[in-house]
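The values are calculated or read from the model by the stated rules, or taken from the named source; none is laboratory data. Keep in mind that this is a model prediction, so the values were computed, not measured. Cβ placement follows ideal geometry from the backbone for every residue including glycine, while neighbour counts extend to all protein chains displayed.
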Amino acid sequence: MNRLNLLKFLKSKVKSYSQLKNMKTKSIAILLVAIFKISSSIGQLSTFYVQPWQTDNAYPASGDSNYVAINTSVTSFNKLLFYIGGTNSSPKRTTLFLKLAANLGYHVISVAYPNTISIQTACGSSSDINCYTNFRQEACYGTPVSSAISIDTLNSLHIRAIKLLQYLNTTYPTQNWGQFIVGNSLDWSKVVTSGHSQGAGHALYFASINNIDRCVMFSGANDFSNFYNAPPSWIYGSFSTAKNRIFSFLHLQDDGVPYSSQIQVTQALGLWTGGDDSTLVDNLNIPYNNSHLLYTNATPQSMLITPYHNSTVIDMWTPLDNLNNPNFIDVWMYLLTTNIATSISESIGNINKISIFPNPFTSKIQLKNKAGIEDFVLTNSSGQVIWTGKNVDQQDFSDLESGIYFLRVFNQDGQQTIELIKQ
């Protein structure tokens with residue numbers, strides 16, 4: 001975007017003084033600051049590809065590459081945008097959104113991973129009540145629990161992201177990529193997970209078991225069982241990330257997964273705590289009613305291959321204005337920068353602030369931010385109690401078998417269940 005086009009773009013966003021008066025002060029500030037940062041730093045944006053074998057020679061020399069974006073000339077958010085594509089996607093297909101994030105101040109990675117099998121094809125008609133959970137678990141962490149896919153730990157999203165960050169930290173030491181790594185895991189408190197379609201569900205799964213900064217989903221999550229005519233149980237469960245940190249952007253005419261099914265998933269997630277939170281963004285300005293559930297009815301740029309499903313974020317389908325700028329740039333800025341104080345209830349209390357590191361774990365876990373929590377109960381996937389404790393800062397579970405466990409924490413206001421993964 002050159003300077004002339006930028007001025008035209010700004011005028012297209014604020015066409016007249018009367019329109020300016022009708023915008024909230026906060027909306028104007030978000031828009032103008034973001035546009036200023038984009039315009040003043042466009043020449044300093046750095047984007048490049050890193051092949052997985054460069055991060056670890058255990059990966060094959062062939063295969064898709066990871067995408068990286070950073071702009072060192074803007075003030076860093078000190079946050080990592082961890083973006084995940086959908087089925088059969090490639091990181092090179094989604095760059096407009098990621099470039100915007102980098103120009104706003106994010107460190108950005110889009111990770112290539114095994115993604116040829118659709119979770120809806122594998123689980124949509126399955127009678128296996130754990131099909132969705134197991135699929136997500138294996139794709140994200142490499143735990144061998146799914147009969148639909150075969151992804152080992154090395155090829156899991158979690159490890160691929162860590163190895164990419166380690167490579168970037170070594171290769172570009174002044175860019176501070178290492179701040180997002182803690183031991184053998186990510187520092188989830190600094191991570192924004194995001195993704196499209198199947199990748200949106202992976203981003204959400206990471207948010208379910210880690211206390212992340214926020215989760216931004218495009219055309220997802222799509223975990224809706226046609227067999228049971230309902231979302232799977234993990235969508236209804238307690239999340240380590242507060243629900244007021246989760247956002248979704250959908251298309252009303254989604255031709256990949258019906259909008260009606262996606263809406264039921266958002267309801268199951270609890271994004272409708274204060275009533276119907278969905279907001280049509282077309283012809284609206286930031287802050288979109290402070291909604292967590294945005295949707296559009298815009299015509300895609302291309303009409304090839306599920307265009308409506310792809311149009312929310314993928315370059316080829318995202319609608320453009322007459323200056324070839326994405327129509328959704330305001331929406332994307334809102335999703336990436338809006339304060340968490342929105343229409344979803346923010347009264348989460350101490351019980352939602354507990355952090356457990358690392359997760360997944362191999363031996364010991366550390367429990368942080370546990371003020372007001374009185375009791376801990378660990379159960380296996382069958383509900384059998386494995387361990388109980390009080391006022392614990394650290395616990396060694398080296399003797400546990402690999403698998404999924406559930407830690408229930410209690411205080412005077414109630415309880416929360418956190419999913420733990422033993423590798």
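Do the conditions hold for Ser76, that is, is it surrounded by fewer than 22 Cβ atoms within 10 Å (Cβ to Cβ) and at pLDDT below 95? In short, yes.
At pLDDT 95 or above, over 21 Å from Thr55 (Cβ atoms) and in the same structural domain as Met316 (by TED's automatic domain parsing): is that true of Cys215 in this structure? Give the derivation first.
Values: at pLDDT 95 or above: yes; over 21 Å from Thr55 (Cβ atoms): yes; in the same structural domain as Met316 (by TED's automatic domain parsing): yes.
So Cys215 fits the description; yes.
Taking into account only those residues within the stretch 97-115 that are in a loop (DSSP other than H, G, I, E, B) and not polar (S, T, N, Q), which is modelled with the lowest pLDDT? Walk me through how you get there before you give the answer.
As a first pass, look at the stretch 97-115 and keep what is in a loop (DSSP other than H, G, I, E, B): 105-106, 111-115.
With the extra rule that they be not polar (S, T, N, Q), the set shrinks to 105-106, 111-114.
Values: Gly105: 91, Tyr106: 95, Val111: 98, Ala112: 98, Tyr113: 97, Pro114: 96.
Going through the qualifying residues, I end up with Gly105.
With the condition kept exactly as written, say whether any residue in the stretch 288-307 is under 30 Å from Asn211 (Cβ atoms), in the same structural domain as Gly85 (by TED's automatic domain parsing) and surrounded by fewer than 20 Cβ atoms within 10 Å (Cβ to Cβ). Checked the stretch 288-307: at least one residue is under 30 Å from Asn211 (Cβ atoms), in the same structural domain as Gly85 (by TED's automatic domain parsing) and surrounded by fewer than 20 Cβ atoms within 10 Å (Cβ to Cβ).
Kindly indicate whether Pro52 is buried (at least 23 other Cβ atoms within 10 Å of the Cβ) and more than 18 Å from Asp213 (Cβ to Cβ).
Details: buried (at least 23 other Cβ atoms within 10 Å of the Cβ): yes; more than 18 Å from Asp213 (Cβ to Cβ): yes.
Considered against the rule, which asks whether it is buried (at least 23 other Cβ atoms within 10 Å of the Cβ) and more than 18 Å from Asp213 (Cβ to Cβ), Pro52 comes out as yes.
Determine whether the stretch 170-187 contains at least one residue that is in contact with a Gly (Cβ under 6 Å, 6 or more places away or on another chain) and either outside any helix (DSSP H, G or I) or surrounded by fewer than 24 Cβ atoms within 10 Å (Cβ to Cβ) (or both). Even if it seems obvious, please write down each step before you answer.
Initially, the stretch 170-187 is screened for residues in contact with a Gly (Cβ under 6 Å, 6 or more places away or on another chain), giving none.
The answer is no; no qualifying residue exists.
When restricted to residues that are of a type in the set (Ser, Thr, Tyr), under 17 Å from the mean Cα position of the chain (by Cα) and part of a loop (DSSP other than H, G, I, E, B), the stretch 309-336 contains 1. For the stretch 363-415, residues that are among the small types (Gly, Ala, Ser) and either touching an Asp or Glu at 6+ places or on another chain (Cβ under 7 Å) or at pLDDT below 70 (or both) total 7.
Residues checked against (1) of a type in the set (A, V, I, L, M); (2) closer than 26 Å to Trp177 by Cβ:
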| position | (1), (2) |
| --- | --- |
| Phe48 | no, yes |
| Ala122 | yes, no |
| Thr133 | no, no |
| Pro144 | no, no |
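Among the residues of the stretch 128-156, those identified as crowded, with 18+ Cβ neighbours inside 10 Å and hydroxyl-bearing (Ser, Thr, Tyr) are Tyr132, Thr133, Tyr141, Thr143, Ser146, Ser156.
If I filter the stretch 216-223 for residues that are among the charged types (D, E, K, R) and in contact with a Lys or Arg (Cβ under 6 Å, 6 or more places away or on another chain), do I get at least one hit?
First pass over the stretch 216-223, keeping only residues among the charged types (D, E, K, R): 223.
Checking the rest, the ones that are also in contact with a Lys or Arg (Cβ under 6 Å, 6 or more places away or on another chain) come to none.
Within the stretch 216-223, not a single residue is among the charged types (D, E, K, R) and in contact with a Lys or Arg (Cβ under 6 Å, 6 or more places away or on another chain).
In the stretch 253-282, of all residues being polar (S, T, N, Q) and part of a strand (DSSP E or B), the one that is surrounded by the fewest Cβ atoms within 10 Å (Cβ to Cβ) corresponds to Thr279.
In the stretch 116-127, the qualifying residues are those that are of a type in the set (S, T, N, Q) and not in a loop (DSSP other than H, G, I, E, B), and the one that is surrounded by the fewest Cβ atoms within 10 Å (Cβ to Cβ) is Thr121.
Give Gly195, Gly220 a once-over and let me know the one that is assigned to a loop (DSSP other than H, G, I, E, B), in contact with a His (Cβ under 9 Å, 6 or more places away or on another chain) and either farther than 23 Å from Asn115 by Cα or small (Gly, Ala, Ser) (or both).
Working: Gly195 fails: assigned to a loop (DSSP other than H, G, I, E, B).
So the residue among Gly195, Gly220 that is assigned to a loop (DSSP other than H, G, I, E, B), in contact with a His (Cβ under 9 Å, 6 or more places away or on another chain) and either farther than 23 Å from Asn115 by Cα or small (Gly, Ala, Ser) (or both) is Gly220.
Within the stretch 50-99, being of a type in the set (Lys, Arg) and out of contact with any Phe, Trp or Tyr (no Cβ under 6 Å at 6 or more places or on another chain) holds for Lys92, Arg93, Lys99. Residues in the stretch 283-306 that are touching a strand residue (DSSP E or B) at 6+ places or on another chain (Cβ under 9 Å), of a type outside the set (S, T, N, Q) and modelled with pLDDT of 95 or more: Leu294, Tyr295, Ala298, Pro300.
If the condition is being closer than 15 Å to Gln423 by Cα, out of contact with any Pro (no Cβ under 7 Å at 6 or more places or on another chain) and without any contact (Cβ under 8 Å) to a residue 60 or more places away in the chain, then the stretch 147-176 contributes Asp152, Ser156, Ile159. Being in contact with a strand residue (DSSP E or B) (Cβ under 7 Å, 6 or more places away or on another chain), among the polar types (S, T, N, Q) and at pLDDT below 95 is the requirement here; does Thr94 meet it? Considered against the rule, which asks whether it is in contact with a strand residue (DSSP E or B) (Cβ under 7 Å, 6 or more places away or on another chain), among the polar types (S, T, N, Q) and at pLDDT below 95, Thr94 comes out as no.
Condition test on Gln198, is it buried (at least 24 other Cβ atoms within 10 Å of the Cβ) and either of a type outside the set (D, E, K, R) or within 15 Å of the chain's Cα centre (by Cα) (or both)?
Values: buried (at least 24 other Cβ atoms within 10 Å of the Cβ): yes; either of a type outside the set (D, E, K, R) or within 15 Å of the chain's Cα centre (by Cα) (or both): yes.
When the stated conditions are applied, Gln198 passes them.
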